[in-house]
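S.K.: The structure that follows is given in the form of structure tokens.
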Amino acid sequence: MHIDFAPPSNGTYNNTNSSRQLANYLEHEDLERMEKGIYTEGFFNLTDDNIYKSKVIKDIDSNIGQLLKTDAKFFAIHVSPSEKELRAMGNTELDQAEAMKRYIREVFIPEYAKNFNKGLSETDIKFYGKIHFDRSRSDNELNMHCHLIVSRKDQANKKKLSPLTNHKNTKNGVIKGGFDRVNLFQQTEQGFDKLFDYNRQLSELFDYYNTMKNGSLKDKLQMQKHELKAPENIFTSEKKKAIEKIQIGKKGTEMAASRIANKQENNFSNNIENKENFNSTDLRQFSAFSILPSTTDINRIDEQQLPIPKKKKKPKLRR
């Protein structure tokens, strides 16, 4: 399962203005299919199918309370199953489309909401989906995929939700919650396998792909070792253990980095709050790095030459 967040642009994916341009683009395939006498899929959300484009645009564009002119108003997400995954979802386009809507409603959106760590559920997410059946730049036999337009604000138009933030489950500081995209990919993958009883091979795992692309040489060799060790069509416990071992190491590094980032953010907030009322007793509230002089300052002090005391001349004795 390939999931990606379309980067904002000045064209179709310009998300600082109206969603009209993106909604219009998502209907381009419908005209081609209607000319061929093939059925089309309308927009859908958590509960309804065949939603008019005008309602989609109005709903997304009006859910922008307290957002600035330059802020993102919505996000575009692509959900693209592999050919093997599509075959597990059904034998016909209609079956696969219904399975895709079920996956979005029962797995993807619930995990998306949960991943913000704000106590949200799928009913708090305002989104609209549109299924496409073809990709012009693909040679695959099956290419069905889903486009999602997800509002920046929740259903109540109160909370700002950004899946592109670099904060992950932060509990202190200005930004609380965050969004862990890696965790989303892992959870939605597991949800797909459970929903469709899919026997995923090691080479199909997001963790395998991510390790082979971004992992250390040691992690890559370890992953390849376990891939060769077990039969390709059996997802053994040894494969699971190998992946879990790599994940534990990565999570340990991420947790350490998160603790450092949170500490720096807290120190920064404290510095701002205490700036106006600074006195000698406030020094305890600052980090040691903000109190000590910088390396440059120390060097300047070292470079200053202290004056050498002049030797007093001894008085000459008169004979």
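Every number in this text was worked out from the coordinates using simple rules, so none of it is lab data. All figures in this text were calculated on a predicted structure; none of them were measured in a lab. Every residue, glycine among them, receives a Cβ derived from its backbone with ideal geometry; neighbour counts consider all protein chains shown.
Matching residues to (1) in contact with a Cys (Cβ under 9 Å, 6 or more places away or on another chain); (2) touching a residue at least 40 places away in the same chain (Cβ under 8 Å); (3) among the aromatic types (Phe, Trp, Tyr); (4) surrounded by 21 or more Cβ atoms within 10 Å (Cβ to Cβ):
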{"site": "Phe74", "(1), (2), (3), (4)": "no, yes, yes, yes"}
{"site": "Glu83", "(1), (2), (3), (4)": "no, yes, no, no"}
{"site": "Ser121", "(1), (2), (3), (4)": "no, no, no, no"}
{"site": "Ser136", "(1), (2), (3), (4)": "no, no, no, no"}
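S.K.: Let me ask you something else. Restricting attention to segment 16-31, which residues are surrounded by 12 or more Cβ atoms within 10 Å (Cβ to Cβ) and free of Cβ contacts under 8 Å to residues at least 24 places away in the same chain?
M.R.: The answer is Gln21, Tyr25, Asp30.
S.K.: Check whether at least one residue in segment 92-109 is surrounded by fewer than 17 Cβ atoms within 10 Å (Cβ to Cβ) and part of a loop (DSSP other than H, G, I, E, B), and report yes or no.
M.R.: Looking through segment 92-109, at least one residue is surrounded by fewer than 17 Cβ atoms within 10 Å (Cβ to Cβ) and part of a loop (DSSP other than H, G, I, E, B).
S.K.: Can you tell me which residue in segment 143-161 is farthest from Asn50 (Cα to Cα), limited to those that are of a type in the set (A, V, I, L, M) and buried (at least 18 other Cβ atoms within 10 Å of the Cβ)?
M.R.: Pass one, segment 143-161, residues of a type in the set (A, V, I, L, M): 144, 148-150, 156, 161.
This time we only want the ones that are buried (at least 18 other Cβ atoms within 10 Å of the Cβ), so: 144, 148-150, 161.
Details: Met144: 18, Leu148: 14, Ile149: 15, Val150: 17, Leu161: 26 Å.
Ranking the candidates gives Leu161 first.
S.K.: Let me ask something additional. Out of the residues in segment 47-91 that are in contact with a Leu (Cβ under 9 Å, 6 or more places away or on another chain) and part of a strand (DSSP E or B), state the one that is farthest from Gln21 (Cα to Cα).
M.R.: Only one residue tops the list, namely Val79.
S.K.: Looking at segment 95-114, can you tell me whether even one residue there is of a type in the set (D, E, K, R), over 23 Å from the mean Cα position of the chain (by Cα) and more than 22 Å from Pro163 (Cβ to Cβ)? Before the answer, list the steps.
M.R.: Step one: filter segment 95-114 for residues of a type in the set (D, E, K, R), giving 95, 98, 101-102, 105-106, 111, 114.
Pick out the ones that are also over 23 Å from the mean Cα position of the chain (by Cα) and you get 95, 98.
After this cut, where a residue has to be more than 22 Å from Pro163 (Cβ to Cβ) as well, the list is 95, 98.
Yes, there is a match, as at least one residue in segment 95-114 is of a type in the set (D, E, K, R), over 23 Å from the mean Cα position of the chain (by Cα) and more than 22 Å from Pro163 (Cβ to Cβ).
S.K.: Can you tell me which of Ser216, Ser203 is more than 18 Å from the chain's Cα centre (by Cα), without any contact (Cβ under 8 Å) to a residue 24 or more places away in the chain and surrounded by fewer than 17 Cβ atoms within 10 Å (Cβ to Cβ)?
M.R.: Details: Ser203 fails: without any contact (Cβ under 8 Å) to a residue 24 or more places away in the chain.
Sole residue among the options that is more than 18 Å from the chain's Cα centre (by Cα), without any contact (Cβ under 8 Å) to a residue 24 or more places away in the chain and surrounded by fewer than 17 Cβ atoms within 10 Å (Cβ to Cβ): Ser216.
S.K.: Right, another one. Being touching a Ser or Thr at 6+ places or on another chain (Cβ under 8 Å) and among the polar types (S, T, N, Q) is the filter here; which residues of segment 50-73 pass it?
M.R.: Asn63, Thr70
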